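So the structure is just underneath, and the comments pick up after that.
The values are calculated or read from the model by the stated rules, or taken from the named source; none is laboratory data. Keep in mind that what you see is a predicted model, and the values were worked out from it rather than measured. We place every Cβ from the backbone using ideal geometry, glycine too, and count neighbours over all the protein chains shown. Note: accessible area is taken over every heavy atom of the protein model, side chains too, but ligands, DNA and RNA are not part of it. Shrake-Rupley method; radii C 1.70, N 1.55, O 1.52, S 1.80 Å.
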Protein chains: 4
Amino acid sequence: MSADPSDRRIPVAVLGATGSVGQRFVSLLADHPWFRLAELTASERSAGKTYRDATAWHQETPMPDAVRDMTVLPTDPEGQPLTSTLLFSALDASAADRVEMPFTRAGHYVCSNARSHRMDSDVPLMVPEVNPDHLALLDAQDFGGGRLMTNPNCSTIGLTLALKPLAAAFGIEAVSVVTLQAASGAGIPGVPSLSLIDNIVPHIGGEEEKLERETQKILGTAAASAIEPAQFVVSATCTRVPVIDGHTLCVSVRLDTMADFDEVIAQLQGFTGEPQALGLPSAPAAPLVFHDAPDRPQPRLDRGAGSGMAASVGRLRTCRLLDYKFVALSHNTLRGAAGGSILVAELALAQGRLPGLHIPQ
Amino acid sequence: MSADPSDRRIPVAVLGATGSVGQRFVSLLADHPWFRLAELTASERSAGKTYRDATAWHQETPMPDAVRDMTVLPTDPEGQPLTSTLLFSALDASAADRVEMPFTRAGHYVCSNARSHRMDSDVPLMVPEVNPDHLALLDAQDFGGGRLMTNPNCSTIGLTLALKPLAAAFGIEAVSVVTLQAASGAGIPGVPSLSLIDNIVPHIGGEEEKLERETQKILGTAAASAIEPAQFVVSATCTRVPVIDGHTLCVSVRLDTMADFDEVIAQLQGFTGEPQALGLPSAPAAPLVFHDAPDRPQPRLDRGAGSGMAASVGRLRTCRLLDYKFVALSHNTLRGAAGGSILVAELALAQGRLPGLHIPQ
Amino acid sequence: MSADPSDRRIPVAVLGATGSVGQRFVSLLADHPWFRLAELTASERSAGKTYRDATAWHQETPMPDAVRDMTVLPTDPEGQPLTSTLLFSALDASAADRVEMPFTRAGHYVCSNARSHRMDSDVPLMVPEVNPDHLALLDAQDFGGGRLMTNPNCSTIGLTLALKPLAAAFGIEAVSVVTLQAASGAGIPGVPSLSLIDNIVPHIGGEEEKLERETQKILGTAAASAIEPAQFVVSATCTRVPVIDGHTLCVSVRLDTMADFDEVIAQLQGFTGEPQALGLPSAPAAPLVFHDAPDRPQPRLDRGAGSGMAASVGRLRTCRLLDYKFVALSHNTLRGAAGGSILVAELALAQGRLPGLHIPQ
Amino acid sequence: MSADPSDRRIPVAVLGATGSVGQRFVSLLADHPWFRLAELTASERSAGKTYRDATAWHQETPMPDAVRDMTVLPTDPEGQPLTSTLLFSALDASAADRVEMPFTRAGHYVCSNARSHRMDSDVPLMVPEVNPDHLALLDAQDFGGGRLMTNPNCSTIGLTLALKPLAAAFGIEAVSVVTLQAASGAGIPGVPSLSLIDNIVPHIGGEEEKLERETQKILGTAAASAIEPAQFVVSATCTRVPVIDGHTLCVSVRLDTMADFDEVIAQLQGFTGEPQALGLPSAPAAPLVFHDAPDRPQPRLDRGAGSGMAASVGRLRTCRLLDYKFVALSHNTLRGAAGGSILVAELALAQGRLPGLHIPQ
């Protein structure tokens, strides 16, 4: 954030930096080896204040010193141009609807955590270990020089990470998933405490449809200028439980080619991806942590795996209805939001798909 | 509990009366119109004490006055005969293994909440609205004049209540269920608080197998002297969540005969059973409460339906994988344990299957 | 609620009937022996709808049948006169500021749960077992024939109930109190779940001042046309904890006249009040339940004492700093809000202070 | 843990390494710059197993690689001598009663987290920023060459850290404290979840006495060979709340010399101690973090301050009864247990009070 001339890192901006996901971006970018947090935007109401004054900081680590006195800019592609080429969007969907495409058309490279453009045919929806080839869509984008890439809904990431090695080795025919999602997924103020003390809420508006469709896109096939979604059926039920961070997924899967138990474990344990091969800064050592213990993964104990960037899988067993059942878990505000988005930018940079930007030496 | 000679109610005993389920039996039997709580048993350690002294009462209603000074008896079919013919067993499985059959062979009618004899071929496993005809097994029992009947595991009751109208109208081909179960299902001390603050535990030992097998028996067909289990597949995943009472079940079902949405709702809303027809004292007005609201049922708001004896069903929608999905909920320590067991005894009495006992006039 | 001509009960209205406290009023008044729920008001937005359509009912018991189809009226003393003389106000403070005095001046008898007029010198602030004589202020009110009476903040009620017998027997010189307050005290949506999962919030805006001042008024002395507040010091700290209902108070007290342990217990156990003497319908058998067990009272186990209308006291022990320490607990939305307000109306009626209204025979 | 000859760090052992506090010691010592984790002991039952097999690891970070295959030794000062001179005791009180003194008399330097010897007149009870001079007691110990030092109960540490600057600047006359303590303070399995869902427990056996007495010893005066306890009165009430880690304390204090608000803030904000001056590895930058925000400190947001080694103070305001009130918070299993104990050892080493041991260069 300093203008230290010896700092060769790429300047970046966070759009919507004062909210819940925005704060996570700020925390993760504070010491990033490739990116330098140069600009912060928020709503009109916060613009002009220092970040410290504009933000009700509620992270468990302190606000990074370097951002405390930065001036918050308005999120306004017309009125307030940004000097950073690379933008991370922590905007909610209604703001993202308005500004992400204008920023892109103005030549920015936008990594968005919002749902607004995830299902657009020319926008890649990325989980870097799962579909790194989908980033090729960026080259075909016709947005006036800008690029727009997205990461999926927080519950989709854990599911696709767990399914990918099975899809690659055996093919997938059908998936049934019931989620137990953390309260932080609903942001601030989010779910009232009266709904989550001695209670669960078996409904999250729109979540099931997102989980079903995004999974099919991410596990789909990259064609010339679009993604052919995977053809397998996904049926999702989404619930909210009294957990701060960490979405748990109870998954059943039918494989195209039946595999025995040891083969399935071997694929889950051996899974690795392009982020690991490239040594991306935010990539966990392994994208999946496999558990033998019968009662794992659990949100409080396992959401932190790989600094919150690895998913965990356990309770693998045969299913009387489909073929196999397991429990997957991932951190919804790290891997499932800000961290996942940063990993997408790292991958795009490493693949050389962001013209003019290079990994700092 | 008085020896009031004008009290024509049937004297009953509760086995294991000081534990969690035992306390529920005591609460529910305190003012029962047909049964008079006459004897209480517990472990050797508690025998001889007053119920007040022997019991760490943790119900949300006060200990009934009439039991406070009753002397706790040992649970010992040889050493301590009981004068009540009808016994309610709140014993854990290891104690039930030892004493339920001896009590039965000594001529008692035992209504058990324990898992010990649920899957015995000559013992009915009862959800009174679902399989009232299975009680005919009692007539064929060869236990020396005694009778032994059971109610299922707390998670099975809500599932079978919700499935019964669908099975009856359309037939069932397959069921997938993920449970979010309350902490009280694990008894006292049960699950440590460190496991259920900011956490869920995606595993309950032995529960999935019980839920799968018991459902098939309860929805099976009564043959001459045994039950032919239902042939449909049940695949279960069981998790523990930070809820005091009320098990939530996320269910997907494939029907034998496809039915449209309105037909399914009509069956769920119109469901009623023999306990309702007979007006049994513990029967709720309707065994199922159907919810239109998109976020119901919820444990804290709906577990009390029908004084905790009705199950709730909501979020009915089509399933991309099977045919329909819904969320069911029932109170695990009322309908799912003590209350369910009392309802079984009421049904057996009303069906005239407990020789020598009659509904008090 | 019917217009059954044989129903001799007094028609009453609930102001602000769709909110959290309003729902409690509706539940409690549904079967009241003296009052008949005749009118319901809410904000302009809800007016004209049926109560069922206007209300997001979230009580643990179902919405009473009789109110489901009642039409909600606007809360508008000028535009919409009410036919009921007796009004229960569940309004929040800003609405109460606007309409309670106009309704009173229009001749209504208003029992308010809002804070707006609690500290007015000519308005009684009532805990019926504690200061029944303060209702005499009603006779001196100069509000054009109407009457206005209030009940205190939810945390004040438990404190004053516990202090009253000590004040009466020994006098009180100083009180230190730390509260652990339930989430329902903040209404709906109230406290975000992220603030009360694995967390407590050691601050409730304005609560400490209310608890300190209201306690002094309630334990004060009724003079001609005002209340002389008690002279003892109260120092309060208020915190919010992850509990649905039930405020816990850790209290230390210095007495004017030192008393030994048994005398203190005797006063707490023997405490009774005018509501008990008069047999008011909402009065618990005893206003205080005293606990010997070292770990009681606890919110979940004890808030329901006396149908939620009795406070509980336990852990009595000497204090190294003041004289005695104890833990008190009361139900904040029953005794601490709607139920407390109804008890005030019952007392006023029984004392004959509501001209024209009489206890139905 | 390697026997790498270039590793100049001091070998240490953890007694009771498999339990909850023991796991924290293992985590904190895995990368310690001065200490090398060389030996692990546990009960007879675990001895001979690898640490991995003997331990139900439930920390939120993974088990350190270096300890996974270490063999667990029995905790047996006679039968199993330890080669490490410096021992950290995570034993519960009954085991500590038996073995800490024998280990000490065998020449070991024992840093104990157990309560067994805290109040012994010749054993220092240490909070390094508060009473560093009390370590001089070590020089006078007559335990055959060994040394025994202790850290206090988890709730005492936050209280004494907050009181120390006030005691030093103004003197303290009286303290009233109510605690809201985290579940982890009760260890594993600890408090049942049924006690901490929608509930708090206003009682922790023996805790109030410990908090009162230990505070007086720690803030007392070091005399020749004993500590003269502070003369001010402490009155404590201890409660358990549904929080994983982080004890919150609501404190009122009467000063010897009245100070104005700004002076009090200045003392709290400016507080620093010998561990900071010496730059001890486990010392936080500042022992107290002062909060202006009206709703801080909160356990989930603030327990991690200074890597869990700093206490937080906020809500400073005048008290109507004593002089000032505030809320203090500290991490009960880091600063309040393992981390606090390690800091004591670091201080003893830096003060040169552990003959034969030196800070590695």
Which condition number does C:LEU255 fail, the rest of (1) more than 22 Å from the chain's Cα centre (by Cα); (2) under 27 Å from D:ARG317 (Cα atoms); (3) within 14 Å of chain D (Cβ to nearest Cβ) being met? (3)
Restricting to the range D:265-283, and then to whatever is buried (at least 18 other Cβ atoms within 10 Å of the Cβ) and among the hydrophobic types (A, V, I, L, M, F, W, C), can you tell me which residue is farthest from the other protein chains (Cβ to nearest Cβ)? D:LEU280
Single residue of the range C:228-239 satisfying the filter (in a strand (DSSP E or B) and open to solvent by 20 Å² or more (accessible area, probe 1.4 Å)) that is farthest from the other protein chains (Cβ to nearest Cβ): C:GLU228
More than 14 Å from every other protein chain (Cβ to nearest Cβ) and not in a helix (DSSP H, G or I): is that true of C:SER84 in this structure? yes
Name the pairs: first residue in the range B:246-260 and crowded, with 20+ Cβ neighbours inside 10 Å, second residue among the basic types (Lys, Arg), Cβ to Cβ under 9 Å, at least 6 apart or on different chains? B:GLY246/B:ARG300; B:GLY246/B:ARG303; B:HIS247/B:ARG303; B:CYS250/B:ARG315; B:CYS250/B:LYS325; B:VAL251/B:LYS325; B:SER252/B:LYS325; B:VAL253/B:LYS325
Given (1) open to solvent by 20 Å² or more (accessible area, probe 1.4 Å); (2) at pLDDT 95 or above; (3) more than 21 Å from B:GLY339 (Cα to Cα), number of the condition B:VAL72 does not satisfy: (1)
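Every residue, every condition in (1) within 14 Å of chain D (Cβ to nearest Cβ); (2) surrounded by fewer than 16 Cβ atoms within 10 Å (Cβ to Cβ); (3) part of a loop (DSSP other than H, G, I, E, B); (4) touching a His at 6+ places or on another chain (Cβ under 8 Å), yes or no:
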residue	(1), (2), (3), (4)
A:LEU28	no, no, no, no
A:PRO33	no, yes, yes, no
A:LEU37	no, no, no, no
A:THR41	no, no, no, no
A:GLU44	no, yes, yes, no
A:ALA47	no, no, yes, no
A:ASP53	yes, yes, no, no
A:ALA56	yes, yes, yes, no
A:GLU60	yes, yes, yes, no
The condition of being among the hydroxyl-bearing types (Ser, Thr, Tyr), touching a residue at least 40 places away in the same chain (Cβ under 8 Å) and touching a helix residue (DSSP H, G or I) at 6+ places or on another chain (Cβ under 7 Å) holds, among C:THR61, C:THR75, C:THR85, only for C:THR75
Selection status of C:ARG315, of a type outside the set (Asp, Glu) and in contact with a helix residue (DSSP H, G or I) (Cβ under 9 Å, 6 or more places away or on another chain): no
Consider A:SER116 against the criteria (1) under 20 Å from A:SER307 (Cα atoms); (2) in a loop (DSSP other than H, G, I, E, B); (3) in contact with a Ser or Thr (Cβ under 9 Å, 6 or more places away or on another chain): it satisfies all of them except one. Which criterion is unmet? (1)
Among the numbered criteria (1) part of a helix (DSSP H, G or I); (2) within 14 Å of another protein chain (Cβ to nearest Cβ), which one does C:LEU349 miss? (2)
Top-ranked residue of the range B:156-190 - restricted to ones that are modelled with pLDDT under 95 and in contact with a strand residue (DSSP E or B) (Cβ under 6 Å, 6 or more places away or on another chain), ranked as most open to solvent (accessible area, probe 1.4 Å): B:PRO189
Please verify whether the range C:289-308 includes one or more residues that are under 21 Å from C:PRO124 (Cβ atoms) and either surrounded by fewer than 20 Cβ atoms within 10 Å (Cβ to Cβ) or within 23 Å of the chain's Cα centre (by Cα) (or both). no
Over the range C:139-182, the set of residues more than 29 Å from D:LEU322 (Cα to Cα) and among the small types (Gly, Ala, Ser) is C:ALA140, C:GLY144, C:GLY145, C:GLY146
Looking at the range C:29-55, I want the residues that are farther than 20 Å from C:ASP92 by Cβ and have a partner that is assigned to a loop (DSSP other than H, G, I, E, B) and of a type in the set (Ser, Thr, Tyr) with Cβ atoms under 6 Å, at least 6 apart or on another chain. Which pairs are those? C:ALA38/C:SER84
Among the residues in the range C:133-152, are any at pLDDT below 95 and surrounded by 23 or more Cβ atoms within 10 Å (Cβ to Cβ)? no
Sort through D:MET101, D:MET126 and tell me the only one that's surrounded by fewer than 24 Cβ atoms within 10 Å (Cβ to Cβ) and of a type in the set (A, V, I, L, M, F, W, C). D:MET101
Among the residues of the range B:207-226, how many are open to solvent by 40 Å² or more (accessible area, probe 1.4 Å) and either facing chain D (nearest Cβ under 9 Å) or in a loop (DSSP other than H, G, I, E, B) (or both)? 3
Within the range B:191-200, tally of residues that are more than 7 Å from chain D (Cβ to nearest Cβ) and either open to solvent by 20 Å² or more (accessible area, probe 1.4 Å) or within 21 Å of B:ASN153 (Cβ to Cβ) (or both): 1
Of all residues in the range A:309-361 being over 23 Å from the mean Cα position of the chain (by Cα) and among the polar types (S, T, N, Q), which is farthest from A:SER112 (Cα to Cα)? A:THR318
Can you find even one residue in the range D:284-306 that is within 14 Å of chain C (Cβ to nearest Cβ), touching a Lys or Arg at 6+ places or on another chain (Cβ under 7 Å), under 28 Å from D:THR61 (Cα atoms) and of a type outside the set (Lys, Arg)? yes
Quick check: is even one residue across the range B:323-342 under 19 Å from A:THR239 (Cα atoms), within 14 Å of chain A (Cβ to nearest Cβ) and open to solvent by 20 Å² or more (accessible area, probe 1.4 Å)? no
Of everything in the range B:75-89, what is of a type outside the set (S, T, N, Q), under 25 Å from the mean Cα position of the chain (by Cα) and either open to solvent by 20 Å² or more (accessible area, probe 1.4 Å) or farther than 19 Å from B:PRO11 by Cα (or both)? Give them in sequence order. B:ASP76, B:PRO77
